[in-house]
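Peer 1: Below is one structure. I have some questions about it.
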Amino acid sequence: MNTIVDFQQFNNATLEQVRTRFEEEFGVMTYFMNPAPRPCFNKICMSELHQSQTSLEKMQGEVIANGKVSQANYLVLASDIPGIFNLGGDLSVFGDLIRAKARDHLLAYAKLCVNNVWTFYNMQAPVTTISLVQGQAMGGGFEAALAAHIMVAEKSALMGLPEVLFNLFPGMGALSFLSRKIGMPAAEKMVRSGKIYTGEELYQLGVVDVLAEDGQGQYALNNWIKKNHRSLNSFQAINRAKQRVNPLTIEELYDITEIWVDAALRLDERNLKVMERLVRAQNSKVNSDVAHIQEKQSA
């Protein structure tokens, strides 16, 4: 049974770009991203995600559903946009801030990104975080998916870190998360290459934890939860132990973000033009996808 949970109970905010769903049987809370005008991490989407995550954390996973208190055991990050998980940072905003040399604003944006991935990774509540990648997860979208305790991805999902195309690097957690999963040499190779990987390729590399057939991501996620729910306490304890053996701190993430901001401010006009081309490509894809959906709905 699915129940829509209204987070106004916790923070009096009206969510515009995040939809929530709570399933009582296993205690699965899902946040569906729906950022506009492009499916990337704008400030509204990130702020709503962070508010929702911190509220759930503060309540130790307790939610009000059907007039009673229920426990959220899992927090899933997914997308409402067909074919796209998230395309990453708002490159249009990046370009404007870089041209204006607005370091403080660029750093504030970057830290909001970091606060989101850190809360998802370091959830201080008995809640297992899961990313469900169906479609494209690029740059910061891939970093957000990597922050989860478990990553579920469909075989043809596309993930990558294309920042090297405009002479930058992914500065909101990619190296930190990847190095703890597959080792620093493999993580650095992935970051330096700018290569786009399929979900199946990343499963073989050990980045994706649960591989799903195309169109079956939600089914694979539900199946994993059903199989592992009885040992949830053990799983969560082992995950905390892993984090202690190879600890990650928010200070590490903040320090890397400072490096990212300084590097971003050194980009020249040629690099920024590449950013602009990527923004146009994102807009073109969104517009063509919307037209395709409208065509299907009117048929």
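The values are calculated or read from the model by the stated rules, or taken from the named source; none is laboratory data. None of the values given here were measured: they were computed from a predicted structure. Here the Cβ positions follow ideal geometry from the backbone for every residue, glycine too, while neighbour counts run over all protein chains shown.
Peer 1: How many residues are assigned to a helix (DSSP H, G or I) and within 23 Å of residue 73 (Cβ to Cβ) if we restrict to region 143-180?
Peer 2: The number of residues fulfilling the criteria is 4.
Peer 1: Checking the condition within 30 Å of residue 71 (Cβ to Cβ) and either at pLDDT below 95 or of a type in the set (S, T, N, Q) (or both), which residue from 193, 231, 298, 288 passes?
Peer 2: Going through 193, 231, 298, 288 in turn, just one is within 30 Å of residue 71 (Cβ to Cβ) and either at pLDDT below 95 or of a type in the set (S, T, N, Q) (or both): 231.
Peer 1: Residue by residue through region 229-245, note down the ones that are of a type in the set (S, T, N, Q) and touching a strand residue (DSSP E or B) at 6+ places or on another chain (Cβ under 9 Å).
Peer 2: Matches in region 229-245: 236, 239.
Peer 1: Output the number of residues of region 67-94 satisfying the condition of being under 26 Å from residue 161 (Cα atoms) and either over 18 Å from the mean Cα position of the chain (by Cα) or not aromatic (Phe, Trp, Tyr) (or both).
Peer 2: Residues flagged as under 26 Å from residue 161 (Cα atoms) and either over 18 Å from the mean Cα position of the chain (by Cα) or not aromatic (Phe, Trp, Tyr) (or both) within region 67-94 amount to 19.
Peer 1: Among (1) on the phi > 0 side of the Ramachandran plot; (2) in contact with a Gly (Cβ under 8 Å, 6 or more places away or on another chain), which single condition is residue 211 missing?
Peer 2: Every condition holds for residue 211 apart from (1).
Peer 1: Let me ask something additional. Consider residue 106 against the criteria (1) closer than 23 Å to residue 202 by Cβ; (2) buried (at least 21 other Cβ atoms within 10 Å of the Cβ): it satisfies all of them except one. Which criterion is unmet?
Peer 2: (1)
Peer 1: Taking interchain pairs and intrachain pairs at least six residues apart, which have beta carbon atoms under 6 angstrom, with the first residue in region 212-232 and farther than 9 Å from residue 155 by Cα and the second loosely packed, with under 12 Cβ neighbours inside 10 Å and β-branched (Val, Ile, Thr)?
Peer 2: Final answer for the pair search is none.
Peer 1: Go through 44, 64 for me and flag whichever is of a type in the set (Val, Ile, Thr) and either under 20 Å from the mean Cα position of the chain (by Cα) or modelled with pLDDT of 95 or more (or both). Talk me through it step by step, then tell me what you get.
Peer 2: Working: 64 fails: either under 20 Å from the mean Cα position of the chain (by Cα) or modelled with pLDDT of 95 or more (or both).
It is 44.
Peer 1: Could you check, for region 56-74, whether at least one of its residues is part of a strand (DSSP E or B), hydroxyl-bearing (Ser, Thr, Tyr) and either in contact with a Pro (Cβ under 8 Å, 6 or more places away or on another chain) or closer than 14 Å to residue 37 by Cα (or both)?
Peer 2: No.
Peer 1: For the condition touching a residue at least 40 places away in the same chain (Cβ under 8 Å) and either buried (at least 22 other Cβ atoms within 10 Å of the Cβ) or closer than 23 Å to residue 122 by Cβ (or both), what is the one hit in 187, 157, 174?
Peer 2: Working: 187 fails: touching a residue at least 40 places away in the same chain (Cβ under 8 Å); 174 fails: touching a residue at least 40 places away in the same chain (Cβ under 8 Å).
Answer to the check: 157.
Peer 1: Can you tell me how many residues in region 190-218 are touching a strand residue (DSSP E or B) at 6+ places or on another chain (Cβ under 7 Å), surrounded by fewer than 16 Cβ atoms within 10 Å (Cβ to Cβ) and of a type in the set (Ser, Thr, Tyr)?
Peer 2: Residues that pass the stated criteria total 0.
Peer 1: Between 238, 256, which is closer than 26 Å to residue 179 by Cβ, in a helix (DSSP H, G or I), in contact with a Gly (Cβ under 8 Å, 6 or more places away or on another chain) and not hydroxyl-bearing (Ser, Thr, Tyr)?
Peer 2: Exactly one of 238, 256 is closer than 26 Å to residue 179 by Cβ, in a helix (DSSP H, G or I), in contact with a Gly (Cβ under 8 Å, 6 or more places away or on another chain) and not hydroxyl-bearing (Ser, Thr, Tyr), namely 256.
Peer 1: Just to be sure I understand, how many residues within region 91-101 are farther than 14 Å from residue 42 by Cα and loosely packed, with under 15 Cβ neighbours inside 10 Å?
Peer 2: First, pick out the residues of region 91-101 that are farther than 14 Å from residue 42 by Cα: 98-101.
Going one step further and asking which of them are loosely packed, with under 15 Cβ neighbours inside 10 Å, we end up with 99-101.
Summing the residues that are farther than 14 Å from residue 42 by Cα and loosely packed, with under 15 Cβ neighbours inside 10 Å in region 91-101 gives 3.
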